[in-house]
1. Under the condition of being among the basic types (Lys, Arg) and under 22 Å from the mean Cα position of the chain (by Cα), which residue from segment 118-162 is surrounded by the most Cβ atoms within 10 Å (Cβ to Cβ)?
2. Which count do you get for residues in segment 70-80 that are surrounded by fewer than 21 Cβ atoms within 10 Å (Cβ to Cβ) and in contact (Cβ under 8 Å) with a residue 40 or more places away in the chain?
3. Restricting attention to segment 26-73, which residues are aromatic (Phe, Trp, Tyr) and in contact with a strand residue (DSSP E or B) (Cβ under 8 Å, 6 or more places away or on another chain)?
4. Please go through segment 46-77 and give me each residue that is assigned to a loop (DSSP other than H, G, I, E, B) and closer than 16 Å to residue 95 by Cα, ordered by number.
5. I'd like to verify a number: residues in segment 164-196 that are in contact with an Asp or Glu (Cβ under 9 Å, 6 or more places away or on another chain), β-branched (Val, Ile, Thr) and part of a strand (DSSP E or B), how many?
6. Could you check, for segment 91-112, whether at least one of its residues is among the charged types (D, E, K, R), farther than 17 Å from residue 34 by Cβ and surrounded by 12 or more Cβ atoms within 10 Å (Cβ to Cβ)?
7. Where the second residue is hydroxyl-bearing (Ser, Thr, Tyr) and the first is closer than 17 Å to residue 174 by Cβ and lies in segment 31-49, which pairs have Cβ atoms under 6 Å and are six or more apart or on separate chains?
8. Looking only at residues in segment 33-67 that are among the aliphatic types (A, V, I, L, M) and in contact with a Leu (Cβ under 7 Å, 6 or more places away or on another chain), which one is surrounded by the fewest Cβ atoms within 10 Å (Cβ to Cβ)?
Amino acid sequence: MCCSLSNATHQKGDSEVPPGAQRWTFHLSGGRLCLDLANTVSWRRSAEPIERLRDYGDVLEWARQALVITPREARTLARAAARHPRQATAVLGRVRIFREAIYRVFAALARGQSPSPADFALLDAEFRGALRHLGLVRGPEGFAVTWTARADALTRPLWPVVRSVAELLTSGELGRLRTCPSANCGWIFLDTTRNGTRRWCDMRVCGNRAKARRYQVRHRRSSS
């Protein structure tokens, strides 16, 4: 499964964004926020998986597209990252580590297996850390739970994902977790169809590729 990148060149394995390059348009087909973050590596099962979070700017762009932060919040965080580039790079690494733990935990659950204790411990540590930034506020329509840390906290995009992990783990929906069966994909998604028949991460990409391969096989057989 892939994302699109307009007016910018990008080769497999690149980890730095060239000057002037545009950001990815991310496919958000996981069904839950935490699964969408887990799917920011394309073609996981291939020999050359593609890293979509190349820098902190990509983290902000993913968070903006996933509606984790507003465009205004993204601009505030981009300015903070420019002032503190080393911290931004450290947060990027933290997001990637968290993402990989999310992937391994939910991929294991999709297979009906128990997650690694180390991966679960990492998710739990991030959850406990994120809780420190939650607070109760009173607004015109009543009380609400919201994030109360500074607007320029570079880890802000991570917190709603942490909350999403906890909500999914405790939701009773784990039996609907699936991994895309495409040979090179492996993206995780939550099958929310009524009869539980969703097979592909995205029918327009992996599903169509599988259809094309089946057609080619039938065509070769009929012409032989």
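The values are calculated or read from the model by the stated rules, or taken from the named source; none is laboratory data. None of these values were measured; they are calculated from a predicted model. Note that we place each Cβ from the backbone using ideal geometry, even for glycine, and neighbour counts take in every protein chain shown.
1. 156
2. Of all residues in segment 70-80, those surrounded by fewer than 21 Cβ atoms within 10 Å (Cβ to Cβ) come to 70-76, 78-80.
This time we only want the ones that are in contact (Cβ under 8 Å) with a residue 40 or more places away in the chain, so: 73, 76, 79-80.
Final tally of qualifying residues: 4.
3. Correct list: 43, 62.
4. If the condition is that a residue be assigned to a loop (DSSP other than H, G, I, E, B) and closer than 16 Å to residue 95 by Cα, then 52, 53, 54, 55, 66, 68, 69 are the ones that fit.
5. So the answer is 0.
6. The initial filter retains those residues of segment 91-112 that are among the charged types (D, E, K, R), namely 94, 96, 99-100, 104, 111.
Retained after the next criterion (residues that are farther than 17 Å from residue 34 by Cβ): 111.
Next cut, surrounded by 12 or more Cβ atoms within 10 Å (Cβ to Cβ) only: none.
Among the residues of segment 91-112, not one is among the charged types (D, E, K, R), farther than 17 Å from residue 34 by Cβ and surrounded by 12 or more Cβ atoms within 10 Å (Cβ to Cβ), which makes the answer no.
7. 31/192; 32/164; 33/164; 34/164; 38/103
8. Keep residues of segment 33-67 that are among the aliphatic types (A, V, I, L, M), which gives 33, 35, 37-38, 41, 47, 50, 53, 59-60, 63, 66-67.
Remaining after also requiring in contact with a Leu (Cβ under 7 Å, 6 or more places away or on another chain): 35, 53, 59-60, 66.
Numbers: 35: 24, 53: 21, 59: 30, 60: 25, 66: 19.
Going through the qualifying residues, I end up with 66.
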